[in-house]
Amino acid sequence: MNVETEKEAIIRVTSSEGEGPNEGSLCAIGRFGFSHVQSTERLDKPYARSFSRLVPTEWDSVIPELAEKLSSIVRVGPDRIATLVSPRIPMEDAYLIQGFSRRVLRSNYIDSGARYGFMNAAYPIGKATGTLRPMVDHQDLLKAKVILVIGADPTSESNITGLFLKRAVRKEKSRMYYVGSESVSITSRAKDHIRVLPGGEGLFAWILSEEISSQEAHRHPDFLSRKEELFKSFNVDPQAYTRLVQDLREAQTGIIITGRVFHRIQSAYAAMENLLRMVQSLGWVEKEGCGILPLPEVGNDLGVLMMGATYEWLPGLLDSQDSECKKKWESTWGDHLSYGKGGGLKEILEGINAGNIKGLISFGENPLTHFSPHSGVHEILAKLELIVSIDLFQTSLSDQAHYLLPAASSYERAGHVVSVEGFVQSLSPAMTYWGESLSDGEIVSRLSESMGHPLSNGSTSEISKEIFTLMPDLSPSTRNGEHFMGPTGNLILPTQTPQPPHKADRNTVSQKMHSNHKEASSAHSPILPENISGEGEFVLALNKSLFHSGKMTLLDPSLMKMKSAASLRINRQTAKKLKIKKNELVLIENKYGTCTIPVELTSGVTENELQVPYHFVSPDLLSLFPGEMNYSGPCHTVTMLRTRVTLKKIE
């Protein structure tokens with residue numbers, strides 16, 4: 001991926017045909033999604049609130065002023081300030097931020113954007129295997145005899161994964177099964193598209209795992225009745241299901257891919273535990289080329305979690321509450337870690353509401369966009385004495401902020417990220433900082449120094465060196481050069497000798513999973529289905545658009561030409577029955593709210609489902625979701641993905 005600039009402005013993004021793991025193929029977002037970086041709406045200087053207005057200020061005045069306010073809150077006691085972290089930042093920034101939270105602010109109230117879904121995959125996998133390094137990579141896809149894709153759209157979630165999937169089926173004759181309610185670009189290549197109505201994905205995973213992992217005499221007593229429910233209530237084809245079971249049992253090599261829809265269902269945590277149990281019973285843990293490949297939702301989800309930017313883990317995925325783990329990092333940092341239990345987004349909001357948490361620092365995360373307007377989150381945040389929003393743009397969170405600080409974009413930062421395959425890859429800045437913006441790490445370094453507790457000299461290279469010295473397995477890695485070699489023989493990424501591993505060590509994973517086997521009792525419990533629509537009802541789902549990622553790409557003219565506004569995706573046959581035509585306005589409503597929206601006809605969703613890209617979600621659309629703050633599983637992930645609605649044509 002080559003970013004071409006002229007006079008400190010990006011003019012185009014190109015790629016070299018045939019080179020790199022993507023063979024020069026870029027998704028629409030990668031090729032066209034850069035205009036927001038040089039938008040006139042970007043923040044170019046720090047702001048501080050004076051009475052009811054945010055007014056421009058200077059770094060030299062805002063840093064000591066903010067440092068004093070943070071220090072006054074810290075003096076009251078530990079766990080008084082919460083931190084939210086975007087998973088779009090490099091590992092180095094995440095490492096500094098978690099250190100700032102735990103060492104300087106003395107708080108373990110820290111969380112990342114992975115809490116909005118991916119944590120339902122990451123935490124059970126990390127708990128079961130001891131690592132977030134994947135068991136398989138894209139090369140393994142080309143060798144897999146059977147591939148199961150469940151609740152994922154690889155083409156839009158991980159373009160390179162989608163590319164390898166298509167090649168595996170087309171050239172290597174892999175047998176791919178796709179499990180999900182909608183049709184996506186890869187379903188046409190699947191041996192079977194096993195349609196399951198929305199809400200049945202978790203039940204499907206439990207039934208499949210129980211069928212394969214347990215002998216008939218030892219299966220759960222509800223197994224047969226729930227299996228029948230899966231076929232009848234969720235329209236799963238029994239013959240396609242039987243073919244999948246047979247292929248999984250007989251396959252020499254197999255891979256399971258999970259994605260955004262799967263990670264965000266209410267039962268996702270238990271469903272992932274069930275898939276892990278099935279992988280273990282199939283003998284795939286010990287077998288090279290087999291395993292689970294969860295697709296991260298955002299670019300550096302894996303790297304940010306590995307750096308400990310979540311309350312459960314210290315850097316290196318060490319338990320933040322384990323005294324021996326804390327001692328290791330206390331010895332390394334020369335600090336006493338006096339934080340308390342802490343918590344993630346759920347516990348942060350509860351702590352603010354109870355008056356225990358007094359300050360919030362947000363690095364590119366806005367919790368207001370993940371909850372219904374009826375949830376009361378806006379009112380909860382208003383109780384804070386101090387809100388610091390560090391972002392590229394002004395948002396609904398910064399509207400409540402006491403300080404608004406300009407952050408550098410990914411095109412302006414150096415550092416490292418972890419890919420879906422586990423490779424640690426370097427980033428080089430393509431342009432200088434916009435205006436007076438700074439990287440998150442530099443802001444944290446200046447604040448910590450002003451608070452009398454310096455963390456680093458602010459040099460990204462020095463922070464990288466510290467990380468790779470303390471955790472050498474995270475050193476930058478490539479596919480030994482061969483995969484990154486183009487026709488001219490030029491390496492796209494540097495190759496180290498010897499190469500650090502990018503995949504999980506199977507012997508270590510096997511030992512860990514066998515030792516944990518007796519603790520996985522929840523995996524044997526039946527999963528209740530969710531959100532099945534009633535008579536005259538539809539399940540409204542928020543999904544990802546192929547042409548957008550988050551909100552910032554809405555500022556890119558090229559991407560907006562491809563998809564410029566929200567539309568309601570509805571099944572063609574359903575629309576025909578309701579006498580609804582393309583682009584006509586319809587009213588969707590439930591007991592929570594109403595919304596008027598134009599329709600888009602498609603064969604890609606079931607007759608019981610409606611879809612809207614979450615990038616274009618408006619307050620009216622959000623009002624259709626329950627006001628209560630819904631969390632799922634032990635990770636308390638936010639699960640505002642589906643709701644029941646009725647629909648009628650506007651005459």
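The values are calculated or read from the model by the stated rules, or taken from the named source; none is laboratory data. These numbers come from a predicted model, not from an experiment. Every residue, glycine as well, gets a Cβ built from its backbone with ideal geometry; the counts of neighbours run over all protein chains shown. Keep in mind that these areas ignore ligands, DNA and RNA; they rest on the heavy atoms of the full protein, side chains included. Shrake-Rupley method; radii C 1.70, N 1.55, O 1.52, S 1.80 Å.
Results, tabulated for the structure shown:
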{"item": "Inter-site label distance for residue 71 and residue 565 at 7 Å from Cα along Cβ, in nm", "result": "5.3"}
{"item": "Residue 611 long-range amide H proximity, modeled H, under 5 Å", "result": "541, 569"}
{"item": "Which of 423, 34 is most accessible, then next, and so on - probe 1.4 Å", "result": "34, 423"}
{"item": "Solvent-accessible area, 1.4 Å probe, carbon plus sulfur percent, for region 320-400", "result": "47"}
{"item": "Within region 56-100, trypsin sites (Lys or Arg not before Pro) in DSSP loop having at most 12 other beta-carbon neighbours inside 10 Å", "result": "75"}
{"item": "Förster-model FRET efficiency, 22 Å R0, residue 628 and residue 214, C-beta, rounded to 0.05", "result": "0.05"}
{"item": "Cβ-derived FRET efficiency at R0 41 Å, residue 346 paired with residue 587, nearest 0.05", "result": "0.80"}
{"item": "Span from the region 419-451 Cα centroid across to the region 371-408 one, whole angstrom", "result": "21"}
{"item": "Accessible area expressed per residue, the chain, with surrounding protein chains retained (probe 1.4 Å, Å²)", "result": "40"}
{"item": "Probe 1.4 Å, all protein chains present, accessible-area order of 3, 617, largest first", "result": "3, 617"}
{"item": "Where Rh is the Kirkwood radius over Cα pairs, Rg/Rh for the chain", "result": "0.95"}
{"item": "The chain: calculated mean residue ellipticity at 222 nm from DSSP helix runs of at least 4, using -39500 (n - 2.57)", "result": "-8500 deg cm²/dmol"}
{"item": "Under 15 Å from the Cα of residue 579 - aspartates and glutamates, other chains or at least 8 residues apart", "result": "600, 607, 651"}
{"item": "Residue-level accessible surface for residue 301, protein heavy atoms, 1.4 Å, Å²", "result": "0"}
{"item": "Rounded to whole Å, sorted largest first: equivalent-ellipsoid semi-axes of region 280-393, Cα gyration tensor", "result": "31, 22, 14"}
{"item": "With every protein chain in place, region 565-637: carbon and sulfur % of accessible area (1.4 Å)", "result": "51"}
{"item": "Global form of region 118-294, assessed from the alpha-carbon gyration tensor, a/c cut-off 1.5", "result": "rounded"}
{"item": "Rel. contact order, % - alpha carbon contacts under 8 angstrom, at least six apart, the chain", "result": "21"}
{"item": "Chain lengthening between residue 50 and residue 338 when straightened (0.36 nm per residue, less Cα-Cα)", "result": "100.3 nm"}
{"item": "Gyration tensor (alpha-carbon) shape descriptor, region 19-152, a/c threshold 1.5", "result": "oblate"}
{"item": "Subset of 232/648; 576/649; 143/166; 69/327; 173/503 violating a 18 Å alpha-carbon distance limit", "result": "232/648; 69/327; 173/503"}
{"item": "Cross-link pairs beyond the 23 Å C-alpha cut-off, checked among 191/581; 127/287; 465/512", "result": "191/581; 465/512"}
{"item": "Solvent-accessible area, 1.4 Å probe, carbon plus sulfur percent, for region 165-234", "result": "44"}
